[in-house]
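Participant: To start, I am sharing the structure in question, which I have written as structure tokens.
A short reminder: the numbers here are calculations on the coordinates, not readings from a lab. Because the structure is predicted, anything quoted here is derived from the model rather than measured. All Cβ positions, glycine included, derive from the backbone under ideal geometry; neighbour counts span all protein chains shown.
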Amino acid sequence: MSTDASTHFTHAITRRPAPSITAGLRAVDTGTPDLALMQAHHAAYITALRATGATVIELDALDAYPDSVFVEDTALCLPQGAVIMRPGAPSRLGEAAEMAPHLAALYADIRRIEGATSFIEGGDILVTGSEILVGRSARTNADGIAELTRLVASWGKPVREVHTPPGVLHFKTDCSLLDATTVLATPRLADSGCFDDYFVVHTAPGEDAAANAIRFNDVVIMAAGFPGTRAAVERAGYTVVEIGNSECAKLDGGMSCLSLRFTPAK
């Protein structure tokens, strides 16, 4: 296994779930999230991040933005700087603006997606050891990807446009990074060929929802309830920590959605 800046971080930013989360966006209505249970899962998630030695910043809930717990969609954080996203869901545009000052306190270089026709969300962006993969989706369009490509060009990380499977919300709904050259992915996404240059650990049959995990320092944080995929990840040599995700899953959310993970430039 290899380790680098794509999997090891000094900081994470999270945001507490707001009472308005019950009105959050969802592709399919599978029930109203239980706020108290979501808060308990969120607290366990923060504990898991902190246990790796990272500094975790907990932002206050934003009741005006029901989906604001899913902070990953608001920004792309790289060692050289941060890029403020322009979410494809109109109700979420204000979330990115709310995140900007918190990142400005940690980064000297803050860039922004500003094109009126550009839309891009962090859930569609997978940063590996060698490149930035960005999935076209209902929330991320060609203009957004093109603008991001221009903004990060001087940071030396190439951008490659790929495609999110039909009916899947975000690219990272179906994949996550295990180390700089290893990806956890659903068979339907891996079969597209987008990971031909990587070692791929496949999710177990019937466990596509396990694909959205995070490698955070020396552990892989996964949603609980997917024993086949957990076993596959552990067989590949990783230490797994499971977190309850039943309530976030009702809003199409997973492990990566709940944090921005980064090491700001010194």
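Participant: Mean residue ellipticity at 222 nm from the helices of the chain, using -39,500 (n - 2.57) per DSSP H segment of n ≥ 4 over the full residue count, to the nearest 500 deg cm²/dmol?
Facilitator: Calculated mean residue ellipticity at 222 nm is -6000 deg cm²/dmol.
Participant: May I ask you to derive the relative contact order of the chain, considering only C-alpha pairs under 8 Å and at least 6 residues apart, and to give it as an integer percent?
Facilitator: 25 percent.
Participant: Roughly how big is the chain's charge dipole about its Cα centre, with Cβ charges of +1 (Lys, Arg) and -1 (Asp, Glu), in debye to the nearest 20?
Facilitator: Computed about the Cα centre, the dipole is about 340 debye.
Participant: Determine, for each peptide in 252-261, 181-190, the mean count of other beta carbons within 10 angstrom over its residues, then list the peptides with the highest first.
Facilitator: Sorting 252-261, 181-190 by mean packing, highest first, produces 252-261, 181-190.
Participant: Something else: Filter the GluC sites (Glu not before Pro) in region 123-205 to those in DSSP coil with at most 14 other Cβ atoms within 10 Å of their Cβ, and list the result. List each step's numbers first, then the result.
Facilitator: Values: sites: Glu131, Glu147, Glu161; in loops: Glu131.
Within region 123-205, the qualifying GluC sites (Glu not before Pro) (loop, at most 14 other Cβ atoms within 10 Å) are Glu131.
Participant: Distance between the C-alpha centers of region 195-264 and region 1-51? Whole Å please.
Facilitator: For region 195-264 versus region 1-51, the Cα centre distance is 13 Å.
Participant: Taking just the C-alpha trace of the chain, give me its Rg and Dmax in Å.
Facilitator: When restricted to Cα atoms, the chain yields Rg and Dmax of 16.7, 46 Å.
Participant: Under a plain spin-label model, where a point goes 7 Å from the Cα along Cα-to-Cβ, how far apart in nm are Glu161 and Ala51?
Facilitator: 4.1 nm
Participant: Quick check: from the Cα gyration tensor, does region 11-140 come out rounded (a/c under 1.5), prolate or oblate?
Facilitator: In terms of gyration-tensor shape, oblate.
Participant: Would you mind ranking Thr74, Thr117 by Cβ crowding within 10 Å, fewest neighbours first? Present the calculation step by step, with values, prior to reporting the outcome.
Facilitator: Numbers: Thr74 30, Thr117 10.
Placing the least packed residue first, the sequence is Thr117, Thr74.
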